[in-house]
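The values are calculated or read from the model by the stated rules, or taken from the named source; none is laboratory data. The structure presented is a predicted model; accordingly, all values stated were derived computationally and were not measured. A quick note on method: Cβ atoms are made from the backbone with ideal geometry, for glycine too, and the neighbour counts reach across all protein chains shown.
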Amino acid sequence: MQRLFLTAAAALTALAAAPAFAAEPAAPAASSSQCFRMSQIRNHTKGDNQTLYLSVRSKDVYRLGMSGACLAGATSNDALVLQPTAGIDLICRPLDLDLKVRTGAGMLSPCIIKDITRLTPDQIAALPPKIKP
């Protein structure tokens, strides 16, 4: 009998808490100005072992920060293997893009993207010439 009472009390507590969970705001969606299409990527350069710069459209530059040193041993001339994870080529968040770097004959170095940042015109101007995509 006591077990039934505890089970019923737990169920009522869960039901009472459900509206509180539903009332929490959803995580904010990425700003559409932060998004780009894979088909709009024009060029890329390696900043360091954890940073890749993408030239997108005609004037935008995006910095991709990696969670590891997946770009170690890669050069800016190495091909990128890009694949959208959601089936569309709209990239707004790090999870939207599967990135690998081709470093040698058939060798692919997978990268886990930590963050994607659209650079301001001042940040683009401050990039060293050899890093500017």
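Details
- Selection status of Thr120, modelled with pLDDT of 95 or more and more than 14 Å from Pro133 (Cβ to Cβ): yes
- Residue match in the stretch 99-118 (condition: closer than 19 Å to Lys59 by Cβ and either part of a loop (DSSP other than H, G, I, E, B) or among the β-branched types (Val, Ile, Thr) (or both)): yes
- Residue in the stretch 53-69 that is farthest from Pro128 (Cα to Cα), counting only those that are at pLDDT below 95 and not polar (S, T, N, Q): Gly68
- Taking the criterion of being over 16 Å from the mean Cα position of the chain (by Cα) and either at pLDDT 90 or above or within 22 Å of Phe36 (Cα to Cα) (or both), the only residue of the stretch 79-116 that qualifies is Ala79.
- Screening Phe21 on (1) under 18 Å from the mean Cα position of the chain (by Cα); (2) at pLDDT below 90; (3) exposed (fewer than 15 other Cβ atoms within 10 Å of the Cβ) shows it passes everything except condition (1).
- Of note, Ile88 satisfies the criterion of being within 21 Å of Arg57 (Cβ to Cβ), touching a Lys or Arg at 6+ places or on another chain (Cβ under 9 Å), of a type in the set (A, V, I, L, M) and surrounded by fewer than 15 Cβ atoms within 10 Å (Cβ to Cβ).
- Of the residues contained in the stretch 28-41, one or more are found to be surrounded by 13 or more Cβ atoms within 10 Å (Cβ to Cβ), closer than 16 Å to Ile116 by Cα and modelled with pLDDT under 90.
- The combined condition, being touching a residue at least 12 places away in the same chain (Cβ under 8 Å), in contact with a strand residue (DSSP E or B) (Cβ under 6 Å, 6 or more places away or on another chain) and either within 14 Å of Gln34 (Cα to Cα) or not polar (S, T, N, Q) (or both), is fulfilled by Ile131.
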